[in-house]
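Throughout, read-outs are computed from the coordinates displayed, never taken from laboratory work. This is a predicted model, so every value here is computed, not measured. In this analysis, Cβ positions are derived from the backbone assuming ideal geometry, glycine residues included, and neighbour counts consider all displayed protein chains.
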Amino acid sequence: MKELVFHRLFLPAMERWPGKVGFHDGGYESTFETHADRVLRLTDGMKRHLGLQRDSRFAVMACNGHEYLELYHAGFLGAGIINPLNLRLAGEELQFILADSGTEVVFVDALFADHFLRNIAAVRDELPLRQVVLIGDSDVEHDVRYEELIAGGLPSVPDEPEETDPVVLMYTGGTTGRAKGALLEQRAEMLNMYHIAMAVDLGEQRVYLHQTPMFHAASMAGVLGIPATGGTSVFIPMFDPGPVIDIIERHHVDWTTMVPTMIAMMVNHPEFRPERLASLHDLVYGAAPMPEALLARLQKTFPDMNLWQGYGMTECSSVLTFLTPDDHRRGGAILRSAGRPPLGIELSIQDPHGNMLGPEEDGEVCARAGNFMREYWHRPEQTEAVFRNGWYRTGDVGHRDANGYVFLVDRSNDMIVTGGENVYSIEVENAISTHPAVAQVAVIGIPHEVWGEQVHAVVVLLPDTEATEDEIKNHARNSIAGYKVPKSLEFRTEPIPLSGALKPLKRELRAPYWSGRSSAIR
């Protein structure tokens with residue numbers, strides 16, 4: 001009997017709390033009844049007026065807001081497969097994702113509409129893109145206005161999807177130098193929500209602030225779980241520490257998710273005072289290493305606040321492990337861990353051949369659960385490579401202690417996490433290597449007190465050539481997003497050390513920067 005579809009959460013919630021004002025977005029607010037009406041009309045409009053089918057892909061490039069939530073909910077009700085676009089994509093990356101995904105319709109807000117249209121202009125006729133829907137007021141080129149689409153739709157409930165129907169196509173950086181789309185089904189997203197709900201107390205008393213970007217997998221608990229349990233959704237378009245403090249205080253926000261960089265900016269803001277965050281009962285952090293000094297400051301300033309660390313990835317809908325509030329209060333060595341999996345998720349540490357390793361033995365962190373993706377979109381070989389004997393291979397190296405806590409020590413896939421954003425070194429290396437003066441390049445993550453890690457490039461130039469650090473950075477910026485461009489760069493005259501397989505020995509390159517630290521990725 002079918003259960004793990006969004007209809008079973010959305011419709012009962014809309015019926016149970018129809019008159020409750022559950023959505024606050026600047027000057028906009030709505031009840032659950034109004035939200036349901038808009039989402040149903042949007043779903044109908046997307047199908048009848050935009051010609052989308054249940055398996056059609058539509059993309060969203062917009063700031064956080066109630067419209068983004070409505071689009072997620074419409075997609076989950078069967079309007080199409082949502083493809084949330086990272087707002088920091090460079091032109092070539094954006095063009096690739098639209099083409100690779102087969103996206104037919106893009107919803108773009110007034111702030112990003114010009115950026116979007118400029119970056120696809122040269123290849124617009126080559127893309128499968130049929131229509132651009134404008135969210136908000138602007139005179140930029142568009143085919144349909146968002147509010148007109150809703151006004152022209154009917155508030156009819158669509159047929160239920162199947163549990164195995166794909167619903168999200170979320171692109172993540174790739175070790176091949178190209179982003180790849182993780183295709184997630186209704187069942188996976190529902191199970192992920194239940195895993196989180198069993199760990200973090202959800203209910204109608206909750207007031208959740210959407211401040212992590214809604215294109216990110218970390219937003220999914222708020223997108224699905226808060227409305228489903230009668231909680232209140234509050235939005236800020238983009239993170240800004242001063243307004244975040246104001247919103248938490250004004251709306252009595254009791255739960256939010258932040259990366260450590262955001263937390264540091266907030267507590268260091270001149271308008272920060274602990275009493276202004278008195279309502280904040282639960283704070284989830286993750287997506288980047290947490291500086292020990294910042295964690296200690298949080299615990300001292302907010303002794304009664306529940307702190308959670310979440311570890312996960314796009315491929316598992318978001319969460320694999322939690323370091324719980326009790327773990328934080330217990331303190332000690334486990335504060336350097338990523339916690340333990342919630343109910344329903346099984347973790348193991350495996351050697352390169354898939355053999356299980358014991359406590360304190362370093363190997364690849366692997367997991368199995370129902371919240372994992374179906375596949376990498378149109379990439380069967382890469383999909384097969386990450387699933388081995390029923391286990392997903394995370395690419396992270398670590399170990400478990402005797403109590404099952406996971407300690408990450410390195411990333412076997414050379415991913416750098418900087419300020420909550422994932423950067424694959426191969427993408428940056430590909431961008432730099434096309435500079436005519438570059439002979440060799442290796443990109444690594446090095447410690448940064450605010451960002452957790454920063455992107456650092458080691459470059460060897462060709463004989464009798466010259467290039468400055470700024471020239472290399474500007475060259476890279478032409479083909480990759482700004483946050484992926486190295487923040488620091490060193491030129492070497494000697495060749496980059498290589499392994500027997502002729503791959504850069506990045507562990508040797510990282511060693512001087514991480515010496516004395518307990519983890520190579522903290």
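Between GLU15 and TYR483, what FRET efficiency follows from the Cβ-Cβ distance if R0 is 56 Å, with the result rounded to 0.05?
FRET efficiency, GLU15 to TYR483: 0.85.
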For LEU52, LEU283, order by how many other beta-carbon atoms lie within 10 Å, fewest first: LEU283, LEU52
Distance (nanometres) between label positions extended 7 Å along Cα→Cβ at GLU163 and ALA385: 3.1
Separation between Cα centres of the stretch 328-402 and the stretch 139-189, rounded to whole Å: 28
Beta bridges per DSSP with both ends in the stretch 415-514, % antiparallel, nearest 5: 75
Antiparallel bridge percentage (DSSP; both residues within the chain; nearest 5): 55
Cα-centred dipole magnitude for the stretch 415-514, charges only on beta-carbon of K, R (+1) and D, E (-1), debye, nearest 20: 320
Net charge of neighbours whose Cβ lies under 13 Å from the Cβ of VAL244, counting Lys and Arg as +1 and Asp and Glu as -1: -2
Distance in nm between pseudo-label sites at ASP143 and PHE96 (7 Å out along the Cβ direction from Cα): 2.5
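Could you grab the relative contact order for the stretch 270-330? Cα pairs under 8 Å, six or more apart, rounded to a whole percent. Before the final figure, lay out each step's value.
Details: 58 pairs, mean separation 18.0, N = 61.
Once normalised by length, the contact order is 30 percent.
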Under 18 Å from the LEU343 label point (7 Å along Cα→beta-carbon), backbone N, the stretch 301-325: 319-325
Farthest toward positive dipole pole in the chain [+1 Lys/Arg, -1 Asp/Glu at C-beta], among LEU42, THR31, ASN192: ASN192
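Give me the dipole magnitude in Debye, nearest 20, for the chain about the Cα centre, with unit charges on the beta carbon: positive for Lys and Arg, negative for Asp and Glu.
Values: 46 positive and 71 negative charges, 171 e Å.
It works out to roughly 820 debye.
Note down the relative contact order for the stretch 20-104 as a percent, whole number, built from C-alpha pairs under 8 angstrom at least six residues apart.
Computed over the stretch 20-104, the figure is 29 percent.
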Cβ-based exposure ranking for ARG250, ARG38, in which fewest neighbours within 10 Å come first: ARG250, ARG38
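Let me know the shape class of the stretch 439-515, please: from the alpha-carbon gyration tensor, a ≥ b ≥ c as square roots of the eigenvalues, rounded when a/c is under 1.5, otherwise prolate if a/b is greater than b/c, or oblate.
On the way: a/c = 1.80, a/b = 1.02, b/c = 1.76.
Note, shape of the stretch 439-515 comes out oblate.
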Distance in nm between pseudo-label sites at VAL123 and ASN403 (7 Å out along the Cβ direction from Cα): 5.0
Within the stretch 379-421, backbone nitrogen closer than 15 Å to the virtual label 7 Å beyond the Cα of GLU508 toward Cβ: none
Members of LYS300/LYS484; LYS473/LYS506; LYS2/LYS47; LYS180/LYS300; LYS180/LYS487; LYS180/LYS473 lying beyond 30 Å, as alpha-carbon distances in this model show: LYS300/LYS484; LYS180/LYS300
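Assigning unit charges at the beta carbon (Lys, Arg +1; Asp, Glu -1) and nothing else, what dipole magnitude in debye, to the nearest 20, does the stretch 310-411 show about its Cα centre?
Its charge dipole is roughly 320 debye.
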Full-extension gain in nm, MET198 to ASN474, via 0.36 nm per residue minus C-alpha separation: 94.7 nm
Among THR172, VAL144, VAL133 - extreme Cα towards positive end, dipole of the stretch 7-238, charges at beta-carbon: THR172
Three-way shape call for the stretch 304-373 based on the alpha-carbon gyration tensor, with the a/c threshold at 1.5: oblate
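Using a Förster distance of 25 angstrom, determine the FRET efficiency expected from the C-beta separation of ARG250 and ASP37, and round it to 0.05.
Numbers: r = 26 Å, r/R0 = 1.05.
Once rounded, the FRET efficiency stands at 0.40.
Which of TRP377, TRP514 has the fewest other C-beta atoms within 10 Å, and how do the rest follow up to the most? Don't skip to the answer; put the middle values down first.
Working: TRP377 23, TRP514 19.
The fewest-first ordering by Cβ neighbours comes to TRP514, TRP377.
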DSSP-assigned coil residues among GluC sites (Glu not before Pro) in the stretch 427-517, each with at most 12 further Cβ atoms within 10 Å: GLU449, GLU466
Calculated SAXS-style log₁₀ I(q)/I(0) at q = 0.10, 0.12, 0.13, 0.15 Å⁻¹ - the stretch 382-495, Debye, Cα scatterers: -0.38, -0.52, -0.59, -0.74
Two-site FRET efficiency, HIS353 against TYR28, from Cβ-Cβ distance with R₀ of 45 Å, rounded to 0.05: 0.25
